[in-house]
Amino acid sequence: MQVCEGTYRERVAPRYSGKPDCPIVYQAAPGEQVVIKASDLWQPHWRSVPDERDIVYAAFDPALFRVHDPQAEDWPDFPASYNPFAIAMLAAPCANGAAIDPYGETHGESSTTQASLVVGELFSRGEPLLQVADWTDLRRHPGSWLAAADGMGLYLHPPVDRQALGEQVFELTTRSRCFAPYRRGLGHIHVRGFVMEHGATNFPSGFYHAKGAPQAGVLSTRSGHHWLIEHNTIRFGTSLGLDIGSEGTNDADGLEQDAPPRGATGHHIIRFNTISDHGGGGIAGINSPYTRILHNRIERNNRLGFTSPETGGIKLHFFLRGHIEGNLIRDNRCYGLWLDNMWHEARVTRNTIITNQGAGLFIELGNGPLMVDHNVIAQTSPGVREPGDGVYSHDASGVTFAHNLVMDNAHFGLWAHAATDREPGIYQDGKRVGKEPGCASRWTIANNLFFANHAGELCLPPEHPRSTGNRCDANLFAGSFDRWTHETFAQPFDRPLFAVTTNKRRIDEAHLARQIVDALKQANLPGADNLSPDRVRRVPFLTLEEWQCVTGFDQHSRWPTLLRLNFAPGTTRLTFFMDDAAQQVPTLRFETLDGDYFGQPLPERPLPGPFQQIKPAPPLCGLACPADAPPNQFGRLDPADQNCIVLWPLSATTVDRDATVIPPTTSAS
C-alpha cells in the first residue's frame with residue numbers, strides 16, 4: 001500500500017500477516033510526507049474558573065473518544081471508546097507531594113498519596129504542553145494543564161493571552177497508537193517512510209506480571225515477528241515510541257489475547273528511523289530475538305522524566321542473538337542503551353551513545369556472551385539517582401568490551417559489579433540450560449580508550465566467588481581535570497584513577513583495604529610504607545601503577561600524553577592530539593571483529609580504540625609522561641597532527657550490508 005501525502009488522524013491496524021516471500025507493505029509515496037496522528041484537532045469553548053484569574057476550563061465532547069473501526073466486529077469485547085484523560089499513569093514523573101519542575105530537576109515515583117497524571121496529552125503549535133498533578137503547579141506554570149477528576153475536561157493555564165485563546169487550535173490525544181494491529185502475533189509486515197505522532201499509552205510499569213501495563217508504543221508490532229520498520233519518524237508519544245517484543249503478560253488493547261510463546265516474536269529489522277521526544281522510552285521490547293537495530297537516531301526520550309524502571313533510549317529484555325549497530329543515541333533523559341535480563345550472543349557495535357543520563361550503556365543480568373565493540377560512549381550526565389557512568393553493569397558476566405572510546409562521563413568510564421542475588425539463565429547454543437546467581441565474571445576489557453572520565457576510568461571487583469576470570473589489558477587511560485577552563489584546555493590530562501568495588505559489600509571492606517596495602521608494599525611502590533588500611537578506605541582511588549599491582553590488570557596498558565580533547569555532541573565532531581602510545585600498546589586480536597568504527601579492516605595488530613586512523617603528534621612522541629613536559633611544551637601544535645573525527649552519520653560504505661533499502665515486493669490494503 002502506497003499512501004499519498006497528507007495528515008491522517010487514525011490508527012492503522014493491519015488485519016493479516018504477510019509471507020516471507022510476499023510481505024505486506026505500508027509505504028509513504030516517494031517524496032511525499034505522510035503523517036499519522038493519534039490526536040485530533042480541538043478548538044473548544046473555554047470558560048473562566050471562579051476565583052482563578054489565570055485558569056480556564058473546557059469540557060470534552062464524548063464523541064472525541066469513540067472508537068470507529070471496522071475490525072470491531074472481530075472482537076466481542078472491543079472497547080467502544082478510549083479516553084486517555086481518564087486513564088491514570090501507573091508511574092508518574094513527579095515527586096511524592098512535591099512540585100513538578102518543568103526543567104526536569106525534581107522527579108520521583110508515584111505513590112498512594114500522590115495525585116496521578118493521566119496518559120493523555122495536549123499539544124500547542126506542535127509542542128506538548130506541561131501536564132501537572134495539582135492546582136498549585138497549575139497556577140505556577142503558564143502553558144500547563146490539569147485533567148479534570150472525571151476525565152471529561154481539562155483546566156488550562158494558557159501559554160498565550162487569554163483574549164487570543166478562542167482562536168487557537170490545539171491537538172488532543174484521542175487514540176493509543178498510530179500503527180498497531182489489534183491481533184497479536186502478525187508477521188512479515190513492512191512499514192516505511194511515515195511520520196507518526198501523539199500516541200497515548202501507559203507507562204509499562206510491571207509489564208511482566210498480571211497487574212502491569214504492557215509495553216505499547218506509538219508504532220507497535222503487537223507481539224509480531226519479522227517486521228521491517230525503516231525510514232520513519234516516530235515522536236511525541238506519552239510513553240514509548242516503538243515496541244518490538246511480546247508486550248508482556250497482558251494484551252495492550254484489553255482484548256484478552258494470550259501472549260505468544262517465547263521464540264515466536266522478534267526477528268525484526270529496525271533501521272534508519274528517528275525515534276524522539278517520547279514521554280518514556282524510545283524503543284522497548286521483551287523477547288525480540290534475532291532483531292537488528294541499525295542506523296537509527298534515538299534522541300530526547302523520557303522528556304516527562306520518569307524515574308521508574310524501563311526508561312531507556314533503547315531498553316531490551318531477552319535480546320538473544322540480537323544486533324545493535326550504527327545508531328546515534330543522544331540526549332535521552334535516561335539510560336542511552338539498557339540491555340536487561342538475557343542478551344546471549346548479542347552484539348553492540350559502532351554506535352554513538354552520547355549526552356544521556358544515568359549511564360550511557362547499562363548491562364544488567366545475564367551470562368553472555370555479549371560483544372560490545374567499536375562504540376563511542378561520551379558525556380553521560382548524572383540522573384536522578386545514578387552518578388553518570390559511561391558503562392554501568394551489575395549481575396552481568398561474559399561481556400567482551402573491546403575497541404571502544406569511553407570519554408568525558410560524569411562518573412566512571414566503566415563500573416561493573418555483582419549487586420543482587422537474582423539468577424540469570426545460562427545458555428548454550430541458544431537454549432537455556434540452567435541458571436546461577438548473577439555475577440560480574442568473565443569480562444574481557446581490552447583495546448579501549450578511556451579518557452577524561454571525571455570520577456575514574458575503571459571500577460571492577462577483585463577475584464571473588466561472584467567475580468571470577470576477568471581480564472583487562474591493552475587499554476589507554478588518561479584522567480580528567482576537576483575543572484576544564486580555557487587555560488587548562490591546552491594542558492596534558494591528569495593521571496588516570498581506578499577503584500576496586502566490593503560487589504555490593506559482599507567483600508569485607510576492611511579486608512580488601514588490607515589486601516591493597518599489602519600488595520602495594522610488596523611492590524615497593526613510592527609512598528606505600530606510609531599507607532594504612534584506614535587511609536585506603538578514605539581515599540580508595542588507585543593510580544595505574546597501583547591498579548596493576550593490586551589487581552594484576554592492565555599490565556600492558558598505558559597513560560598517553562593527551563591534549564586538547566574536544567567533542568561537540570551536536571555535530572559529533574571529535575578532536576584531540578595524542579602521542580604514539582596507541583602505536584606502542586600490544587593489543588589483543590579478536591577474530592570475530594570485522595572492521596573498525598568506520599568499517600576499515602583491522603590489521604593483525606590493531607590500534608586500541610574504535611578508530612584505526614589515529615595519528616600521533618610528533619612533538620609529543622618520546623615523552624615518558626605529561627609530568628616530564630617543560631612549560632609551554634604544547635603551546636604550538638601543528639594542526640595537521642590533530643585527529644579530527646566526525647562520528648555520525650556513518651558513510652554509505654560503513655552501513656551494514658543488510659541495511660540497504662528493500663523495495664516493496666507487494667502491497668496490500
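Throughout, read-outs are computed from the coordinates displayed, never taken from laboratory work. Every value quoted in this text rests on a predicted model; they were computed, and no experiment measured them. With ideal geometry, Cβ positions are generated from the backbone for all residues, glycine too; neighbour counts draw on all protein chains shown.
A few notes on this one:
- Over segment 215-360: Kirkwood hydrodynamic radius from C-alpha pairwise inverse distances, Å: 14.6 Å
- Zero-based 5 Å bins, Cα pair distances in segment 281-398, whole percents: 3, 13, 25, 27, 21, 9, 1
- Debye, to nearest 20: dipole size of segment 452-575, +1 on Lys, Arg Cβ, -1 on Asp, Glu Cβ: 340 debye
- When only alpha carbons are used to place a centre, segment 345-395 and segment 258-290 end up 19 Å from one another.
- C-alpha long axis of helix 509-522 to longest principal axis of the chain, angle in °: 30 degrees
- Only one residue of 452, 479, 468 has its Cα farthest out toward the positive end of the dipole of segment 406-546, where Lys and Arg carry +1 and Asp and Glu -1 on Cβ, and that residue is 468.
- Dipole of segment 555-623 [Lys/Arg +1, Asp/Glu -1 at C-beta], most positive-end residue of 587, 566, 614: 566
- Linear extension gain, residue 555 paired with residue 594, 0.36 nm per residue minus alpha-carbon span: 11.4 nm
- Taking 19 Å as the straight-line reach from the Cα of residue 615, the aspartates and glutamates in range (excluding those fewer than 8 positions away in the same chain) are 579, 580, 596, 604, 638, 641.
- Amide H to amide H, with H built 1.01 Å from N, residue 8 comes under 5 Å of 35, 36, 37, counting only residues 5 or more places away or on other chains.
- Summing Lys and Arg as +1 and Asp and Glu as -1 over all other residues whose Cβ lies under 12 Å from the Cβ of residue 521 gives a net charge of -2.
- Put a dot 7 Å past the Cα of residue 249, heading toward its Cβ, do the same for residue 583, and the two dots end up 6.1 nm apart.
- Sequence-ordered 3J(HN,Hα) estimates for segment 536-553 from the Karplus curve with 6.51, -1.76 and 1.60 and θ = phi - 60° stand at 5, 5, 6, 10, x, 7, 10, 6, 4, 5, 5, 4, 4, 5, 6, 9, x, 7 Hz, glycine and proline given as x.
- Reachable lysines from residue 315, criterion Cα separation under 26 angstrom, eight or more residues apart if same chain: 37, 211, 431, 435, 504
- Here's how it looks for residue 217: its modeled amide H is under 5 Å from those of 243, which are all 5 or more places away or on a different chain.
- Coupling constants for segment 244-258 follow from the phi torsions by the Karplus curve (6.51 cos²θ - 1.76 cosθ + 1.60, θ = phi - 60°), and in residue order they are 10, x, 9, 6, x, 5, 9, 6, 5, 9, x, 9, 6, 7, 5 Hz; glycine and proline get x.
- Of all aspartates and glutamates in the structure, those lying under 17 Å Cα to Cα from residue 521, and not within fewer than 8 positions of it along the same chain, are 529, 534, 545, 546.
- Total formal charge among the other residues, if their Cβ is under 14 angstrom from that of residue 157, Lys/Arg +1 and Asp/Glu -1: -1
- Overall Cα dimensions of segment 211-257 - principal axes, largest extent first, Å: 34, 26, 14
- Across the chain, the relative contact order, built from alpha-carbon pairs under 8 Å that are at least six residues apart, equals 8 percent.
- Extension gain, residue 140-residue 67: 0.36 nm per intervening residue step, less the Cα-Cα distance, totals 22.7 nm.
- Residues in segment 641-647 carry Karplus couplings, in order, of 8, 7, 7, 10, 10, 9, 7 Hz; the curve used is 6.51 cos²θ - 1.76 cosθ + 1.60 with θ = phi - 60°, and Gly or Pro positions show x.
- Relative intensity, log₁₀ I(q)/I(0), of segment 241-304 from a Debye sum that treats every alpha carbon as a point, q = 0.17, 0.20 Å⁻¹: -0.67, -0.86
- All-pairs Cα distance distribution in segment 386-441, expressed in whole percent, bin size 5 Å: 5, 17, 21, 20, 16, 11, 7, 2, 0
- Extension gain, residue 573 back to residue 8 (0.36 nm per residue minus Cα-Cα distance, nm): 199.6 nm
- Between residue 381 and residue 539, the C-beta separation translates, for a Förster distance of 25 Å, into a calculated FRET efficiency of about 0.50.
- Each principal axis of the Cα cloud of segment 483-559 was taken in turn, and the coordinate range along them, longest first, works out to 43, 27, 25 Å.
- Along principal axes, Cα extents of the chain, largest first, whole Å: 80, 64, 51
- The dipole here belongs to segment 1-82: it is taken about the Cα centre, uses +1 on the Cβ of Lys and Arg and -1 on the Cβ of Asp and Glu, and is about 100 debye.
- Cβ charges +1 (Lys, Arg) and -1 (Asp, Glu), total dipole of the chain, debye: 480 debye
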